[in-house]
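Accompanying notes for the structure given below.
Just so you know, all these numbers are worked out from the coordinates, no wet-lab data involved. Treat the numbers as computed from the prediction; the structure is a model and nothing was measured. Note that we place each Cβ from the backbone using ideal geometry, even for glycine, and neighbour counts take in every protein chain shown.
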Amino acid sequence: MARPLWTTIMTEEKIKELDWYFSIWLTDEEACLMANIWRTCFYDYCSKNPEYKERKEILKRKPLIKAKSNIVKELNEQNIDVSKWYAERKGKDEFSLKQEVDQKTTVTEIPATKEELEAELARIEEETKRYI
């Protein structure tokens with residue numbers, strides 16, 4: 001009986017290579033492509049090694065953790081540009097540069113004729129003008 005294909009492809013060297021790709025935020029598909037491994041073989045390996053699947057997900061989070069660390073470092077150094085950027089994103093209610101408009105249009109009946117449709121569109125346009 002032949003050994004499963006993944007046992008010959010998923011060597012320690014290939015696993016280290018995949019680790020690197022996952023640690024730079026590549027997807028499963030991209031990492032397999034770069035490591036020259038069939039995705040089906042990779043997924044077969046992960047199903048037989050659930051601890052590697054968990055490790056892969058942890059490695060994928062490393063860039064985001066590093067980015068957060070860099071942001072905090074810049075905040076601690078009182079970088080005003082990073083402070084503004086962070087406040088705009090995390091304190092949207094108070095610091096956002098975008099104005100969000102909560103616009104709700106309710107159509108109770110579907111217009112049956114062309115004239116009714118045109119009248120409904122005119123009503124919506126008129127209602128919308130006050131937000132522009």
* Please give the contour-minus-distance gain from Leu121 to Ala67: 0.36 nm per residue of separation, less the Cα-Cα distance, rounded to one decimal in nm. => 14.8 nm
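Beyond 19 Å between alpha-carbons counts as too far, so tell me which of Lys16/Lys62; Lys68/Lys98; Lys60/Lys92; Lys16/Lys56; Lys60/Lys98; Lys62/Lys90 fall in that bin.
Details: Lys16/Lys62 16 Å; Lys68/Lys98 23 Å; Lys60/Lys92 27 Å; Lys16/Lys56 11 Å; Lys60/Lys98 31 Å; Lys62/Lys90 21 Å.
Violating the 19 Å Cα-Cα cut-off are Lys68/Lys98; Lys60/Lys92; Lys60/Lys98; Lys62/Lys90.
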* Asked: How many nm is it between the label spots at Glu29 and Asn49, if each spot is 7 Å from the Cα in line with the beta carbon?
  -> 2.4 nm
* Structure fact -> For segment 9-71 (alpha-carbon point model, no solvent) the Debye-based log₁₀ I(q)/I(0) at q = 0.11, 0.22 Å⁻¹ works out to -0.24, -0.84
